[in-house]
Amino acid sequence: MGTHKKRPPEGFGKRLREAIYKRGLSPYEIEKRYNINHSNLNAYMAEDMAPTVANLAILCRVLHVSADYLLFGKEVEKCK
């Protein structure tokens, strides 16, 4: 599998960084605990590269946020 080079939506990196720090974690802890490549995580935060679906799922689970929030800045409305 090759490197995923597509850029994420604007604001993704800022929301990702804020979510990491709100959980009381550091990028280094995310990299080590959840086996996300250092260069990739930095590229995600710099909005130079979008995460793979697998890494996006890990980040959402670890940070307790939805993919909609990280990607678009919106939370999903829950079904009634």
query = From the residues in the range 2-24 that are in a loop (DSSP other than H, G, I, E, B) and free of Cβ contacts under 8 Å to residues at least 24 places away in the same chain, which one is farthest from L70 (Cα to Cα)?
reply = G2
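Quick one: which of I36, I20, I58, I30 is among the β-branched types (V, I, T), surrounded by 12 or more Cβ atoms within 10 Å (Cβ to Cβ) and closer than 17 Å to G73 by Cα? Walk me through it before giving the result.
Details: I36 fails: closer than 17 Å to G73 by Cα; I58 fails: closer than 17 Å to G73 by Cα; I30 fails: closer than 17 Å to G73 by Cα.
Selected residue: I20, the only one of I36, I20, I58, I30 that is among the β-branched types (V, I, T), surrounded by 12 or more Cβ atoms within 10 Å (Cβ to Cβ) and closer than 17 Å to G73 by Cα.
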ask   = Restricting attention to the range 48-61, does a residue exist that is more than 10 Å from the chain's Cα centre (by Cα) and in a loop (DSSP other than H, G, I, E, B)?
value = yes
request  = Considering each residue of the range 39-53, count those that are surrounded by 13 or more Cβ atoms within 10 Å (Cβ to Cβ) and within 17 Å of S66 (Cα to Cα), and give that number.
outcome  = 5
ask   = Of the conditions (1) free of Cβ contacts under 8 Å to residues at least 60 places away in the same chain; (2) open to solvent by 40 Å² or more (accessible area, probe 1.4 Å), S66 fails just one. Which one is it?
value = (2)
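The values are calculated or read from the model by the stated rules, or taken from the named source; none is laboratory data. What you see is a predicted model; the values in this text were computed from it and never measured. Positions of Cβ are backbone-derived with ideal geometry, glycine not excepted, and every protein chain shown enters the neighbour counts. Areas reflect the complete protein model, heavy atoms only, side chains present, ligands, DNA and RNA absent. Shrake-Rupley method; radii C 1.70, N 1.55, O 1.52, S 1.80 Å.
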